[in-house]
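The values are calculated or read from the model by the stated rules, or taken from the named source; none is laboratory data. As the structure is a prediction and not an experimental result, all values here were calculated from the model. Using ideal geometry, Cβ is built from the backbone for each residue, glycine included, and neighbour counts are taken over all protein chains shown. Remember, those area values only see protein heavy atoms, side chains included, never the ligands or the DNA or RNA. Shrake-Rupley method; radii C 1.70, N 1.55, O 1.52, S 1.80 Å.
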Amino acid sequence: GENVEQHPSTLSVQEGDSAVIKCTYSDSASNYFPWYKQELGKRPQLIIDIRSNVGEKKDQRIAVTLNKTAKHFSLHITETQPEDSAVYFCATTSDGYYGQNFVFGPGTRLSVLP
Amino acid sequence: DAGVTQSPTHLIKTRGQQVTLRCSPKSGHDTVSWYQQALGQGPQFIFQYYEEEERQRGNFPDRFSGHQFPNYSSELNVNALLLGDSALYLCASSLDRLAADEQYFGPGTRLTVT
């Protein structure tokens, strides 16, 4: 089955700096790659996603890049703010008539220091 | 427009007991997935329900079972509880399409097994 690795496990940055989190996956059939943000005690919330027919997607300060050949995708947060502090999870799945089985990475705890 | 709701919020059970958790999907959604999130880890896929049938299943024992009702709400049942079943149980809903798409998570049920 699919295996998703995520690095780093913890990341501390100064406010205003950029943060990059990288995930690798094993299943070449995976074609949907969402990123979730989970604040302490709250539910995971989708912040950005990308499909395999796109190499990069941006939404204000957040971007995701995908390299299907190397089987990795990355989350980029620019101009970080203290409210960006949270645990970030990557996930993968594939299209399918019989539904989707989302596989999540272990998470990255991001701390933005003021 | 109601989002995904789950009940109860918290639950304490004793080893060997049985538990039932409930989920109501976001309005308009017909597919419900269940996840187990242990402390400090990413969500682990348990199973997905669509049209009242289990469509996909992760690597969980038969002690974990579910049900989906005609109104798309769902239940997760866990029998013969073990200490290791202590976790946050998340429900996520989506709209069934052949293409993988965004999931919306509920707030979760915190299960503690003593």
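Taking the conditions (1) within 25 Å of B:Gly106 (Cα to Cα); (2) not in a loop (DSSP other than H, G, I, E, B) in turn, A:Arg43 satisfies each one other than (2).
Out of B:Val19, B:Val78, B:Val4, B:Val32, report the one residue that is under 29 Å from A:Glu5 (Cβ atoms) and in contact with an Asp or Glu (Cβ under 9 Å, 6 or more places away or on another chain).
On the way: B:Val19 fails: under 29 Å from A:Glu5 (Cβ atoms); B:Val4 fails: in contact with an Asp or Glu (Cβ under 9 Å, 6 or more places away or on another chain); B:Val32 fails: in contact with an Asp or Glu (Cβ under 9 Å, 6 or more places away or on another chain).
Only one candidate passes the filter, namely B:Val78.
Condition test on A:Gly99, is it surrounded by 15 or more Cβ atoms within 10 Å (Cβ to Cβ), within 10 Å of chain B (Cβ to nearest Cβ) and under 13 Å from the mean Cα position of the chain (by Cα)?
Details: surrounded by 15 or more Cβ atoms within 10 Å (Cβ to Cβ): yes; within 10 Å of chain B (Cβ to nearest Cβ): yes; under 13 Å from the mean Cα position of the chain (by Cα): no.
When the stated conditions are applied, A:Gly99 does not pass them.
Taking segment B:11-30 as the range and being more than 14 Å from the chain's Cα centre (by Cα), open to solvent by 60 Å² or more (accessible area, probe 1.4 Å) and modelled with pLDDT of 95 or more as the test, the residues that pass are B:Ile12, B:Thr14, B:Arg15, B:Gln17, B:Gln18. Comparison of A:Leu46, A:Leu66 shows that the only residue that is free of Cβ contacts under 8 Å to residues at least 60 places away in the same chain, facing chain B (nearest Cβ under 10 Å), among the hydrophobic types (A, V, I, L, M, F, W, C) and surrounded by 13 or more Cβ atoms within 10 Å (Cβ to Cβ) is A:Leu46.
Sub-6 Å Cβ pairs linking a first residue in segment B:41-54 that is assigned to a strand (DSSP E or B) to a second residue that is among the charged types (D, E, K, R) and surrounded by fewer than 18 Cβ atoms within 10 Å (Cβ to Cβ), at least 6 apart or interchain, are B:Phe47/B:Glu54; B:Phe47/B:Arg57; B:Tyr50/B:Asp96, ordered by first then second residue. For segment A:85-96, the set of residues classified as buried (at least 22 other Cβ atoms within 10 Å of the Cβ) and not polar (S, T, N, Q) consists of A:Tyr88, A:Phe89, A:Cys90, A:Ala91, listed by residue number.
Residue-by-condition table, conditions (1) over 20 Å from A:Arg43 (Cβ atoms); (2) surrounded by fewer than 13 Cβ atoms within 10 Å (Cβ to Cβ); (3) within 14 Å of chain A (Cβ to nearest Cβ):
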position	(1), (2), (3)
B:Ala38	no, no, yes
B:Ile46	no, no, yes
B:Glu54	yes, no, yes
B:Pro61	yes, yes, no
B:Leu95	no, no, yes
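A Cβ distance below 7 Å, combined with a sequence gap of six or more or placement on separate chains, defines the contacts here; from segment B:21-33, residues that are at positive phi reach residues that are not in a strand (DSSP E or B) in the pairs B:Gly28/B:Leu95. For beta carbons closer than 8 Å, sequence separation of 6+ or different chains, a first residue in segment A:1-17 that is of a type in the set (Val, Ile, Thr) and a second that is open to solvent by 90 Å² or more (accessible area, probe 1.4 Å) and at pLDDT 95 or above, the qualifying pairs are A:Thr10/A:Arg109.
Taken over segment B:7-36, residues that are within 13 Å of chain A (Cβ to nearest Cβ), outside any loop (DSSP other than H, G, I, E, B) and out of contact with any Phe, Trp or Tyr (no Cβ under 8 Å at 6 or more places or on another chain) amount to 1.
Can you name every residue in segment A:60-103 that is aromatic (Phe, Trp, Tyr) and modelled with pLDDT under 95? If the condition is that a residue be aromatic (Phe, Trp, Tyr) and modelled with pLDDT under 95, then A:Tyr97, A:Tyr98, A:Phe102 are the ones that fit.
May I ask you to list the residues in segment A:54-71 that are under 15 Å from A:Ser28 (Cα atoms) and part of a strand (DSSP E or B)? The answer is A:Leu66, A:Asn67.
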